[in-house]
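Read the structure below first, then the notes.
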Amino acid sequence: MTTSSDFPVTPGAFQPTFIEGSDPKFHNPFAAAFVAKFSNLSLTAITVTFTSNTIATGASDQFHATGTYSDGSSQDLTSLVTWTSSATDVATIDRTGLATGLTGGTTTITATSGITQGTATLTVTSPTQPPAITSAGSTTFTVGLAGSFTVTATGTPAPSVSESGTLPSGVTFNPTSQTLAGTPSAGTTGTYNITFTATNGVGSNAVQNFSLIVSSPSVASLTLNPVSIQGGAMNSVGTVTLNAPAVGTAAQRAVAPSQR
């Protein structure tokens, strides 16, 4: 690499350095490739620009770096600087200045040349989807038995779910786990019409009219003790008490004694 003597060097001025051809007699500076050198000039600032400072997850954005020198001149340094991202989980950037969004968040893009840096902020947005409630519109609990039902809601970001309406004694709704759970108390049989609402700030809220049905426990079998009632007139009526632990109360049943 030699400097053409055809160009006198003035201190502080542009000094071209030529890469000459393989022919030793080749001295045409205008046909030769050259690398510019600047005497007494320093890089004072780097300005980082972009196509857009907000991109979606999976999208890309081209960043550019422009250097400003001590004499006020400027030069495109996009392919010469070192590019970095402060949050590589949010976005990465390659050596050409092309950034790619990975997940929602904010990162600082930095272009570095020597001790000089320039920065810009890049915001990556996640795809959004309005909320929807996809679980069933009813469930059945039984008096005296523990029951549970989880409300399923979809959307991006993940929606929160709230409940409104009267619930039977012993049953509550947990908005954190989005679960309706508990043991219905005695005397709460019936249908409870309540409302679930899912919201995530995108579009309209999802509203579901929900029915909680509380039923009485079923008795699989009964054993009468005594089996028969002694004495009494023909066709007289006696009373046998049946215990129903599942309900927690005593049930009475009138039975007719055997005819003799």
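The values are calculated or read from the model by the stated rules, or taken from the named source; none is laboratory data. In this text, all values refer to a predicted model and were calculated from it rather than measured experimentally. All Cβ positions, even for glycine, are placed from backbone atoms using ideal geometry, and neighbour counts span all protein chains on display.
Quick notes on this structure:
- Count of the stretch 40-85 residues, restricted to those that are under 16 Å from residue 107 (Cα atoms) and either assigned to a loop (DSSP other than H, G, I, E, B) or aliphatic (A, V, I, L, M) (or both), is 9.
- Residue, nearest to the chain's Cα centre (by Cα), within the stretch 192-208, restricted to residues that are surrounded by fewer than 13 Cβ atoms within 10 Å (Cβ to Cβ) and part of a loop (DSSP other than H, G, I, E, B): 201
- Filter result for residue 92 (part of a strand (DSSP E or B), touching a residue at least 60 places away in the same chain (Cβ under 8 Å) and in the same structural domain as residue 80 (by TED's automatic domain parsing)): no
- Criterion (of a type outside the set (Val, Ile, Thr), under 23 Å from residue 204 (Cβ atoms) and modelled with pLDDT under 95) met by exactly one of 178, 129: 129
- The stretch 37-58: number of residues that are within 30 Å of residue 127 (Cβ to Cβ) and either without any contact (Cβ under 8 Å) to a residue 60 or more places away in the chain or touching a helix residue (DSSP H, G or I) at 6+ places or on another chain (Cβ under 6 Å) (or both): 3
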